[in-house]
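Scroll down for the structure; my scribbles are underneath it.
The values are calculated or read from the model by the stated rules, or taken from the named source; none is laboratory data. Note that the coordinates shown come from a computational prediction; the quantities given were computed from them, not determined experimentally. Positions of Cβ are backbone-derived with ideal geometry, glycine not excepted, and every protein chain shown enters the neighbour counts.
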Amino acid sequence: MTETLTPRQMLKGLLQGAVQPRPLFLPIVFSLGAKVENVPLRVFLGNATKISNSIKQIRAYLRSDGVTCYFDPYLEAEALGAVLQWQAEDQLPRIQGPQHAEKGELPDGLRSPEDAAKSGRVSVAVEAIRRLKSLLRDEPLLISGVTGPFTLAARLTGLERVESPLHEDFSESALELAAATITQIASKFVAAGANVIFVQESVLPRLSAEQSEGWASSLAPAINIVRFYEALPVLQISSSRSFADNQQIIYEQGWDCIVCGALASFESGTTEIVPPAASFKLGIALPVELLQLQLADAETVFQNLRATIRKLHPAIVTTASDVPAGTDIKVLSRVWEAVQF
């Protein structure tokens, strides 16, 4: 029988390097709140009251180990001054292509990381975390997300629209600005009360050992500030191809955080499980498509998931991205049961 521990007790154990009896289940469930509040996503992202009210309602139906206080992949880019183009009210925007800049280079007129961390929607996110900390007391873990340096640099410079960009395509100035901005915003989130910070890399080139060290160094300030506040940093590599391409050097870095790869990376057999360094913890991210299945059609999937969890003993189980607004909470709850094993 699984030992009964609270999410906060498990979090404390992970920060101390102790193996836990089961994974923390930390799905990213945020934009669903816009549907709960019956407002467009663009309005929802700018309203701390609607965010906190909807997350509290979702919490009544989904008994996961954490709740998502704020999650927007385009938060940092907009905070730095990028212009967002909203194609549809219920979908995330796109970034207007940078003007007067070569692809891979930063456009003119961007804000500093310090000014970006004071922007309007960063303040909304901070207020949402504070409100949920008060509303939910100390029951679930409070989750927020920031964008990884390669991904943010790609969005700012237009490389996100390039298939499989190379490391050489990224300018040092773009990566430095991205890393500094992530650190500033992550520090705001943990100071407000966030317990878990996801750093999501959806654009990650194949790296050499030296380039991987540079990547780790750029992330170290954000990881360190998160841990200083006794919160859990999670580096999430959402592309199974990127994870497989960089698997060996990822393990060799000995990250002081959870490193989370896509479930397909482990189920396909293309990723060999290497004994990690003492400071390394593994997480797995479920494809959001799995959550679109009908319960009757998903039982085999859930059995395979449970078997994978038993084999890998991950520290956390999450989702590869924010779950779609139409997701059935009952399916998420069934995943929760599989994680409990």
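In the stretch 59-67 there is at least one residue that is acidic (Asp, Glu) and surrounded by 23 or more Cβ atoms within 10 Å (Cβ to Cβ).
Got a number for residues in the stretch 126-145 being part of a strand (DSSP E or B) and either more than 16 Å from Lys12 (Cβ to Cβ) or out of contact with any helix residue (DSSP H, G or I) (no Cβ under 7 Å at 6 or more places or on another chain) (or both)? Looking only at that region, the number is 3. Taken over the stretch 184-211, the residue count meeting the criterion of being within 19 Å of Val259 (Cβ to Cβ), of a type outside the set (A, V, I, L, M, F, W, C) and crowded, with 19+ Cβ neighbours inside 10 Å is 5. Among residues of the stretch 1-29 that are farther than 24 Å from Phe71 by Cβ, those with a beta-carbon under 6 Å from a residue that is surrounded by 11 or more Cβ atoms within 10 Å (Cβ to Cβ) and modelled with pLDDT under 90 at least six positions away or on a different chain give the pairs Thr2/Pro21; Thr2/Arg22; Glu3/Pro21; Gly13/Gln20. Residues in the stretch 324-341 that are assigned to a helix (DSSP H, G or I), surrounded by fewer than 19 Cβ atoms within 10 Å (Cβ to Cβ) and either in contact (Cβ under 8 Å) with a residue 60 or more places away in the chain or at positive phi (or both): 4 in all.
How about the stretch 86-122: which of its residues are of a type in the set (Gly, Ala, Ser), on the phi < 0 side of the Ramachandran plot, surrounded by fewer than 19 Cβ atoms within 10 Å (Cβ to Cβ) and at pLDDT 75 or above? Listed by number, the residues that qualify are Ser112, Ser119, Gly120.
Scanning the stretch 306-323 for residues that are assigned to a helix (DSSP H, G or I) and either modelled with pLDDT under 80 or in contact with a Ser or Thr (Cβ under 8 Å, 6 or more places away or on another chain) (or both) yields a count of 0.
Is it the case that some residue within the stretch 219-238 is out of contact with any Asp or Glu (no Cβ under 9 Å at 6 or more places or on another chain), closer than 16 Å to Thr151 by Cα, at pLDDT below 90 and of a type in the set (Gly, Ala, Ser)? No, the stretch 219-238 contains no residue that is out of contact with any Asp or Glu (no Cβ under 9 Å at 6 or more places or on another chain), closer than 16 Å to Thr151 by Cα, at pLDDT below 90 and of a type in the set (Gly, Ala, Ser). Here the helices (runs of 4 or more DSSP H) wholly within the stretch 6-56 that include at least 2 residues being under 20 Å from the mean Cα position of the chain (by Cα) and either surrounded by fewer than 18 Cβ atoms within 10 Å (Cβ to Cβ) or among the basic types (Lys, Arg) (or both) are 7-15.
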